[in-house]
Every structure is written in C-alpha cells, then in structure tokens.
Amino acid sequence: MTAKDTLLLDQGYQPLRVIPWQRAICMSFLGKVEMVAAHERPIRTVTREYAAPAVVRLLGPYRPQQYIVRFSREGVHVRDRFTCQYCGNRPSRRELTLDHVLPRHRGGPTSWDNIVTACSPCNLRKGGRTPDEANMPLYVRPLRPRWMPPTRTALGLEEIPPPWRDWLF
C-alpha cells in the first residue's frame, strides 16, 4: 500500500477495493471513472502535471465477482453493526465479544452461522447455554454475508488516508 493508492467506489459511492493510482489514471483517461478526491501531491510527467487520484467512482455498472467472505472477528462485528445481538446496546469496541449461539462444548462450530457479537455482560449471562435456554432471544439470526465493505483492517492499513475517511469507517 503506497501513499498514492486509490479507493475505488461503485456508482452508488460504496467502497469496492483499493487499486493502484496508475490503473485509476488509465481508467480516468478511458472514461470509466470520475475523480472524487485527489491526494495533496500531484503526479508529474515530463510535460504535464496531473492530480493524483485518491478516490474514484465507477461511471458504469459494477458486476461483482462471486467470492467468499472470510470469517474474522472484525467481519462479525461489521456484519452485526458493532451491536450486541442480545440486548441491542452498542458498547465500546473493547467491550464487544464474540459468542457461539450453540456453545462450542456442545459441538457448535466457529462459523458465520453460529457466531454473533455480544457485549461482555450478555455473554457472561448467557454462559454455556443456547439463547432459548438462557431466555435471551437474538435480534437477528446470524448468516454468512455475501459482501463485506472494505475496512481499515481488511485493507491492511494502520491509518485511513484523509481523502478516504468519508467512505470508510
């Protein structure tokens, strides 16, 4: 990841992925994207100076490729919108835990369909029981997401570049 990499957005301004700045410039010349935000330092050639694309938006439809969303702690938190699935509270990220709906000691797998975000008090209260046994119904049944928005961790970034902050969380 370099300082001049470019965030690619779809037509609806949803982040898709990070592409090299060279590809973003080529796509711009071909009329496939429009520049939404630029890096501070321009790109210089022998005869001209161009704004370095920081964020570009596709002008045509995007046909997503089929891919499998990998299971991760942050992915579960993003899917559940950083909300406890038992009480509905949004505690700080430090207080969020992952909970097995069917406990592991009963054969519950660590998978998208069996893991939810829970706050520490709810996770302790539920213990090694199922939600029905603990009388703690889930707000939303856990499912494998078909798409995951790019996050700072997924992109491998320590810090989000300032021009990208409007589109990434």
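The values are calculated or read from the model by the stated rules, or taken from the named source; none is laboratory data. It should be emphasised that the depicted structure is a prediction, and the values quoted were computed from it without experimental measurement. Using ideal geometry, Cβ is built from the backbone for each residue, glycine included, and neighbour counts are taken over all protein chains shown. What goes into the accessible areas is simple: the full protein's heavy atoms, side chains included, and nothing from ligands, DNA or RNA. Shrake-Rupley method; radii C 1.70, N 1.55, O 1.52, S 1.80 Å.
Here are the numbers for this structure:
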quantity	calculated
From the options Arg63, Arg94, Arg70, residue that is part of a helix (DSSP H, G or I), open to solvent by 30 Å² or more (accessible area, probe 1.4 Å) and within 30 Å of Asp113 (Cβ to Cβ)	Arg94
Subset of the range 102-150 that is open to solvent by less than 30 Å² (accessible area, probe 1.4 Å) and touching a helix residue (DSSP H, G or I) at 6+ places or on another chain (Cβ under 6 Å) - its residue that is nearest to Ser92 (Cα to Cα)	Cys119
Candidates Arg93, Arg81, Arg73, filtered to the one that is basic (Lys, Arg), more than 15 Å from Arg129 (Cα to Cα) and in contact with a Leu (Cβ under 8 Å, 6 or more places away or on another chain)	Arg73
Residue match in the range 37-45 (condition: touching a helix residue (DSSP H, G or I) at 6+ places or on another chain (Cβ under 6 Å) and either over 30 Å from Leu138 (Cα atoms) or modelled with pLDDT under 90 (or both))	yes
